[in-house]
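So the structure is just underneath, and the comments pick up after that.
The values are calculated or read from the model by the stated rules, or taken from the named source; none is laboratory data. Here the structure is a predicted model, which means the values were calculated and not measured. Counting neighbours? That spans all protein chains shown, and the Cβs are built from the backbone with ideal geometry, glycine included.
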Amino acid sequence: MLICLAAECTATYSLSKYEKLQDHMELASGYTAHVHNNDIIAAEILTIVFCVFVATLFGADFFFLLFWPTRRYPKWYNATKKALAVGITLGVLAAALMSTVVVARHFSFINGVGDASKQQLINMYPHPPLHYNRWAVNIVYVVLLWLGFLSTLASTIVMFLATAYDERFGPEPKGHIDGSGERGELATSNSSPQSEYK
């Protein structure tokens, strides 16, 4: 969850910089130049949306487990939670794949003005660079996003296993299993080791 939030914050920073770059270049040219960077913006918006979904679902599930560890949930709730987890995991994967392709192979471009004006605008506003893979911020957010996907996938698997265990055995703590296979009672807090030998 925290890794996805880090990827989201980094992608948000990159998105804001490319939007400002577009605004500044178009303003400086008297709105004759047009900067095309919709690919990186779309990839970053997808990243932000699904990273927020990760924080919402897994963050809520974590706090429910923390504050109400023995609460029983209905089957429809568990089914919905698992379906959302799968959908969100696939969404993070899609965001990671799209971001990887865009950052590695795409770049912004300018049209509407001549080559000399293009170079002048680039010299005036060199950061962020038009080639996405030449800016460390973009590379960092993609790397964090892949790490976030792996963590989300692992969390989804753990969620499925934990839900299956709770549905079979219940969330309450169980006593020990004695030699006969029967569950014994938990020792009470006021029992003492000496009572076993009386």
Tell me, which residue of region 1-36 that is of a type in the set (Val, Ile, Thr) and outside any helix (DSSP H, G or I) is surrounded by the fewest Cβ atoms within 10 Å (Cβ to Cβ)?
THR32
Listed residues LEU27, LEU15, LEU66; which is more than 22 Å from the chain's Cα centre (by Cα), more than 13 Å from THR152 (Cα to Cα) and free of Cβ contacts under 8 Å to residues at least 40 places away in the same chain?
LEU27
If I ask for residues that are more than 20 Å from the chain's Cα centre (by Cα) and surrounded by 11 or more Cβ atoms within 10 Å (Cβ to Cβ), which ones from region 72-82 would you list?
ARG72, TYR73, TYR77, ASN78, ALA79
Can ASP39 be described as in a helix (DSSP H, G or I) and crowded, with 17+ Cβ neighbours inside 10 Å?
yes
Selection from region 24-46 of residues modelled with pLDDT of 90 or more, out of contact with any Phe, Trp or Tyr (no Cβ under 8 Å at 6 or more places or on another chain) and of a type outside the set (A, V, I, L, M) yields ASN38, ASP39
